Amino acid sequence: MKDRIPTFVIAKPGCVRDCLQTTLGAITSVEVIWQTGDVPSTLAVLANHQPALVILYTDLPEGESWVTILRQIKTDWPQTPCLVLANNAQEQHAARAAGADGALFKGIPASRLFATIERLLPRETT
């Protein structure tokens, strides 16, 4: 069996984050290792670990900047694939401008999410 991809989910605690973890569990090559929901926790994890895949929801607690987190990741680990799940076209464009490797709208079919993640994963692990 191939090694599983250590994945970092950045989303506020609750149903959305739980559902995303469950959905990602269906992808045999992905394992959710870290979950955070705010800038300080995220930066602390990033300081100690290098995720192989990052999935970032734009709905962070009020005042938290998902763009700041995304830019930090892409500055420190530009090769780490980052997928942003956005609420609208404005957030989708902001995600791409900040360096996201993929930007999808929330609520997309699981098959499209899976296909995008598989496209972003390193070839030797898919």
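The values are calculated or read from the model by the stated rules, or taken from the named source; none is laboratory data. Quick caveat: nothing in here was measured; it's all calculated off a predicted structure. Cβ atoms come from the backbone with ideal geometry, glycine included; neighbour counts cover every protein chain shown. Ligands, DNA and RNA are excluded from the accessible area calculation, which covers all protein heavy atoms including side chains. Shrake-Rupley method; radii C 1.70, N 1.55, O 1.52, S 1.80 Å.
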Inside the range 105-125, can you point out the residues that are out of contact with any Lys or Arg (no Cβ under 7 Å at 6 or more places or on another chain), closer than 16 Å to Val54 by Cα and either assigned to a helix (DSSP H, G or I) or at pLDDT below 85 (or both)?
Leu113, Phe114, Ala115, Thr116, Ile117, Glu118, Arg119, Leu120, Leu121, Pro122
Residue satisfying all of: in the range 26-43; open to solvent by 50 Å² or more (accessible area, probe 1.4 Å) and either aliphatic (A, V, I, L, M) or closer than 17 Å to Leu83 by Cβ (or both); farthest from the chain's Cα centre (by Cα) among these
Ala26
Exactly one of (1) crowded, with 16+ Cβ neighbours inside 10 Å; (2) closer than 18 Å to Thr7 by Cα; (3) of a type in the set (S, T, N, Q); (4) at pLDDT 85 or above is unmet by Gln92. Its number?
(2)
Helices (runs of 4 or more DSSP H) completely within the range 6-92 that count 2 or more residues being touching a residue at least 40 places away in the same chain (Cβ under 8 Å):
15-24, 66-76
